[in-house]
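These notes are about the structure you will find just below.
What follows draws every value from the coordinates through simple rules; no lab data is involved. Fair warning: this is a prediction, and the values are worked out from it, not measured in the lab. Every residue, glycine as well, gets a Cβ built from its backbone with ideal geometry; the counts of neighbours run over all protein chains shown.
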Amino acid sequence: MSPSLPGQQEVSERDAFPQHECGLFGVFGHPNAAVLTYYGLFALQHRGQESAGIVTSNGAGQTFLQHKGMGLVSQVFGQEELEKLKGTRAVGHTRYSTTGTSTFKNAQPFVVDCVRGQMAIAHNGNLINADLLRDELESKGSIFQTTADSEIILHLLARPADNGSSVLSA
């Protein structure tokens, strides 16, 4: 434990220094978005070694293509997987779990089909009110597929607005 000042809590050695939690990388408007995202995730590998994933698209109304798996970026993606991820837009994620378990179902990005269309999200961080939001969404009929709090954001964006407000207000 690190020494603390009077009136402060003691801080563990792990918490005394900045921590890396997940890596995010995105590309917009490039014909090889998946390959660029792969290299971006490879450079960010130190931020998460549990899983890696990439989602690509060619734009509005186009089906998302996705590949993700457990392990390092170089273990999850080979040339064959990258060639299948056609698109000019991509988002990628390397995971270091701080909430939720280290399982395939929690590997990101998450993709859903909803009333607003297809949506994908990759998130780095923790929602401090995740339990409250999850309970509220479940009471309104949401069914969660993962234990990651990132899925909560996706549910909030995917829900039709109760008061006619836009997706931005979610």
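Observations on the model:
- For the stretch 21-169, the relative contact order works out to 25 percent when only alpha carbon pairs closer than 8 Å and six or more residues apart are counted.
- Using Cβ point charges alone (K and R +1, D and E -1), the dipole size of the stretch 85-143 about the Cα centre works out to roughly 360 debye.
- Length gained when the stretch residue 157-residue 105 is fully extended (0.36 nm per residue, less Cα-Cα span): 16.8 nm
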